[in-house]
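Below is one structure, written out as structure tokens; the observations come after it.
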């Protein structure tokens with residue numbers, strides 16, 4: 001068996017090439033460069049799967065705190081829509097950068113939950129149901145045909 005010596009220059013180039021490939025493999029997946037060369041000041045909502053949208057919604061709920069007023073997945077656009085209460089522009093920017101479409105609404109989550117609690121304590125009538133609807137940012141109340149007269153007035 002004969003052993004060939006590799007010139008130092010070729011060995012250094014080979015090691016450098018391997019190091020460059022390793023660095024590229026580690027750094028490129030995390031690169032956030034803009035595709036069109038412009039600054040990323042207006043982040044567009046990301047296209048998401050429904051399962052990814054729920055993870056992002058949970059993340060934004062913690063990030064936005066009291067300004068978070070619910071969210072929903074828009075299947076047609078494949079985007080997470082986050083409701084935000086108040087005029088804190090910084091929170092809106094953060095939600096957009098995270099990849100959500102932001103919608104400013106009037107009712108906070110706390111207000112909607114309080115209204116639902118009031119319905120539960122004062123208007124629990126057989127044949128009725130209610131739920132918080134994040135698309136309309138309201139509580140939707142439904143009643144079937146068994147709800148009549150005074151019960152209907154209570155609702």
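No value in this document is a laboratory result; all are computed from the given coordinates. These figures come from a predicted structure and were not determined experimentally. We place every Cβ from the backbone using ideal geometry, glycine too, and count neighbours over all the protein chains shown.
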For this session: In nm, give the distance between the simple-model label positions of residue 141 and residue 90, each being 7 Å from the Cα along the Cα-to-Cβ direction.
Result: 4.0 nm
Exercise. What ranking of 77, 103, 46 emerges when the number of other C-beta atoms within 10 Å of each C-beta is taken as an exposure proxy, fewest first?
Worked result: 77, 46, 103
Problem set entry | Per-pair calculated FRET efficiency, R0 = 30 Å: residue 151 and residue 114 via Cβ, rounded to 0.05 | 0.85
For this session: Let me have the relative contact order for region 109-154, percent, based on Cα pairs under 8 Å that are six or more residues apart.
Result: 34 percent
For this session: Could you please rank 102, 147, placing first whichever residue has the fewest other Cβ atoms within 10 Å of its Cβ?
Result: 147, 102
For this session: Arrange the following residues from fewest to most other Cβ atoms within 10 Å of their Cβ: 51, 61.
Result: 51, 61
